[in-house]
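Worksheet: one structure, shown below.
The values are calculated or read from the model by the stated rules, or taken from the named source; none is laboratory data. These figures come from a predicted structure and were not determined experimentally. FYI the Cβ positions are ideal-geometry reconstructions off the backbone, even for glycines, and counts take in every protein chain you see.
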Amino acid sequence: MLLDFSNLNEEPLKNQIKAEFFKDKKFLYSGDKIDFMLSYQHPNATLPVLWGEAKRGDFDDLDKAFTQLLLTIGKHKFYTHHTPPYLCAFNAFRMEFIAFNDTITSFFYKSDIDFSITPSNHNTEGFKHALDAFKAMCKPHKSVFDFKTQSQECKEFIKNHLNSSHLHNKIQIDKNNFFTIYQKWFEIVKPTIKIDWELAKAEGILDADYYLADLLSDGDKTIIEKLRTILKSSHYELKWGSNTLNKLGLEGITKVGFTDGQQAHKEFWRIYERPPKLEFQVFILERRDLLVPSDVRERKGAYFTPKIWVEKSQEYLARALGQDYQEDYIIWDCAGGTGNLLRGLWNKANLYLSTLDHNDVAIIKDLASKNHLKLLENQVFQFDFLNDDFYSEKVPKSLQEILKDKEKLKKLIIYINPPYAEATSAKTPSGTGKNKDLVARGNLICEKYKDELHKANNELFAQFFMRIYKELDGCIMASFSTLKYLNSSNFKKFREVFKAKFLEGFMVPADSFDNVTGQFPIGFLIWDTTPPP
C-alpha cells in the first residue's frame, strides 16, 4: 500500500512516521525543542537514537529543515549531552538522514555561525549563512528515501542503523558527552572514593582529577602516567608530595581506595568504552576547566578562552608588534590553565607557560610531549604569580635571565587571561552573606601593593596587572579582562599608578566565554609598560 501523508499536519505526521517506520517498542518517542526525538533506555543513561525536524506537506528544501535542526541543537547546547548516531529531516513525501559524526560536531564549534538567532526563521542572514555552511559540509553525505518508491529501503536503513542492538554496545566517550558522563560519575562514583573531599579540595586535589584518571584508562589503569592522580586497578595513586598527603592524613600513603569495595565504580564504567579515541583525549584534557568547580576557577583562573578570541588576540598582537612578533619576542602566559591561549603560536623555543595548578602542568607537559601543544616541556612550570619569587628555583633559568635584564624585558610579552575573582562585587553587596571574602586577599602581591591598588585590591586581575607593571616594567602586557580598570571609581588610585601606553585592543561580549553570565564587555588590550619619562 502506498503511503500518503500529504494531508497531515505536523503533529499527526510525526505520529504516523513513528508508527510506520519506528515500530521497535524499545524506542521512546518525544518531541519538544527538537521536533522528533527517539531514545532508548540504556543502563545508567537514556540515550538518543535519532533527532529530527518535521515539515508538513511538500516542504521543498529539507536542507533548510536540517539547518533549523542544527541551529536548535546549537542554541540549546544539546551537542554537549549524549548525541544520537543520526539526524533526520522529513516532510510528507520523503525522509533524509545524515550521520552525527565529526563533520556535524564541527558545525557547533564554527565561530562564524550565530546560534542566538531564531532557528525557525529561514529569512535571516544568519540562517542563510548557516544553510550555506550545512550544504558545503553535509549535502554529499545524505541518505534520501522517497516514501512512494523507497519506503521498504527506508525501513531497511532504519533496521540496519537505528536498531535496539545499541542496547548491548558500550557507550563511546567523545567531546560531546564527557561532561554529561562526569555529572553521572559525580553522583554515583565520587561518594564511594575514600577521601575527605573538603580537605582534598583545599590542597588542590579535585574530583575532576579522579574522573580523568578513570576516563583515560585502559583495563582500569590510567594510560597517562604524568597525571598526578592515576587509577591502578583497585585503587588510585596520588603523586602530590609528602606535605599535601600529610594534611590529608595519608602520611607516607599514596593509595586511595573505595568505601564499597569498588562496586559502584566497576558497575558505572562497565557500560562505557575506555579510553576515548586519541583526538578526544586531547580535547578532554584541554577542557579540564569544565570539570573544575566555579569557586576554584575564579581563584585559579581556570577559564577557557574561546578559539575565536584566541585567534583574534593573536591578530592584534601582529598588528601592534609586527608580523614577526613570534620571532622577535618571548611570550609568557603566567595564568596558563591548560594552554589554549598559546594555541596557534608556533615558535616553541620562545614560549613559556606557568599555572597555579599542578595537575594542569602535568596535562600540558603530556600534550607538549605528544606535540599537541607547541611547547617545550622544560618551559612549562607550576608558579603562583601572586605569591612566588621570580628568581626561585620554580622559574626556568632562561626566563630568569630575561626578567632581570631591562633590555630583554622590552622583548617580553606577558600574554594572559587572568582570574577575574573579586572579594566583593556589586552583584553581591555587603550584608548578603555572599561576598567572596579573602578570594582576592591573603597573597603576597595583595599586601605588597595595597597602597597602589587601594580598592582595586579586591580584584585578582588588578593584582596581576600591578605586579607586571611594577616588577616587569618595560614588557608588553597583552591581557583579557573586564574593563573596570579603565573607568571604575574603585580603580582611581590604580590608574594614578598604572601609566602604561595603550597599543591595540578589542572588546567582546562577556557571555561569549564559557561559564560567564551577564551583559558586560571583556577586553583584550595590549600595553607597553615602559614607564613614562
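So here's what we get for this one:
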read-out: Only listed residue being within 22 Å of the chain's Cα centre (by Cα), farther than 30 Å from residue 94 by Cβ and either not hydroxyl-bearing (Ser, Thr, Tyr) or not assigned by the TED database to the domain that holds residue 90 (or both), chosen from 198, 203, 187, 225; value: 187
read-out: Strands (runs of 3 or more DSSP E) within the stretch 346-441 that include 2 or more residues over 30 Å from residue 239 (Cβ atoms), of a type outside the set (Asp, Glu) and modelled with pLDDT under 85; value: none
read-out: Helices (runs of 4 or more DSSP H) fully within the stretch 1-118 counting 1 or more residues that are under 21 Å from residue 135 (Cβ atoms) and not assigned by the TED database to the domain that holds residue 130; value: none
read-out: Candidate set: the stretch 28-62, residues that are hydroxyl-bearing (Ser, Thr, Tyr) and buried (at least 17 other Cβ atoms within 10 Å of the Cβ); chosen: the one nearest to residue 143 (Cα to Cα); value: 39
read-out: Members of the stretch 340-368 found to be more than 28 Å from residue 323 (Cβ to Cβ), in contact (Cβ under 8 Å) with a residue 40 or more places away in the chain and not charged (D, E, K, R), listed by number; value: 355, 356, 358, 359, 362, 363
read-out: Cross-chain or 6+ apart pairs with Cβ under 6 Å, the stretch 434-450 first and in the same structural domain as residue 494 (by the TED database) and farther than 12 Å from residue 387 by Cα, then modelled with pLDDT of 55 or more and surrounded by fewer than 16 Cβ atoms within 10 Å (Cβ to Cβ); value: none
read-out: Residue in the stretch 198-205 that is surrounded by fewer than 16 Cβ atoms within 10 Å (Cβ to Cβ) and touching a strand residue (DSSP E or B) at 6+ places or on another chain (Cβ under 9 Å) present; value: no
read-out: Total residues in the stretch 325-345, condition under 18 Å from residue 528 (Cβ atoms) and either at pLDDT below 95 or touching a Gly at 6+ places or on another chain (Cβ under 8 Å) (or both); value: 1
read-out: Residue in the stretch 124-133 that is of a type in the set (Phe, Trp, Tyr), more than 26 Å from residue 19 (Cα to Cα), touching a Pro at 6+ places or on another chain (Cβ under 8 Å) and assigned by the TED database to the domain that holds residue 17 present; value: yes
read-out: The stretch 344-365 - residue that is of a type in the set (D, E, K, R) and out of contact with any Leu (no Cβ under 7 Å at 6 or more places or on another chain) and, of those, farthest from residue 380 (Cα to Cα); value: 357
read-out: Qualifying positions in the stretch 269-292 - more than 24 Å from the chain's Cα centre (by Cα) and not β-branched (Val, Ile, Thr); value: 270
read-out: Qualifying residues in the stretch 227-260 (those that are outside any loop (DSSP other than H, G, I, E, B) and among the aromatic types (Phe, Trp, Tyr)) - the one modelled with the lowest pLDDT; value: 236
read-out: Counted residues, the stretch 344-361 - those being under 21 Å from residue 288 (Cα atoms) and buried (at least 21 other Cβ atoms within 10 Å of the Cβ); value: 9
read-out: Residue under evaluation residue 77, criteria (1) in contact with a Gly (Cβ under 6 Å, 6 or more places away or on another chain); (2) surrounded by fewer than 21 Cβ atoms within 10 Å (Cβ to Cβ), criterion not met; value: (1)
read-out: Wholly enclosed strands (runs of 3 or more DSSP E) of the stretch 463-533 bearing at least 1 residues surrounded by 15 or more Cβ atoms within 10 Å (Cβ to Cβ) and among the acidic types (Asp, Glu); value: 501-509, 521-528
read-out: Unique match (being closer than 23 Å to residue 310 by Cα and modelled with pLDDT of 95 or more) among 474, 523; value: 523
read-out: Unique residue being modelled with pLDDT of 95 or more and more than 30 Å from residue 109 (Cβ to Cβ) when the list is 492, 455; value: 492
read-out: Those residues of the stretch 483-501 which are touching a strand residue (DSSP E or B) at 6+ places or on another chain (Cβ under 6 Å) and closer than 21 Å to residue 309 by Cβ, in sequence order; value: 483
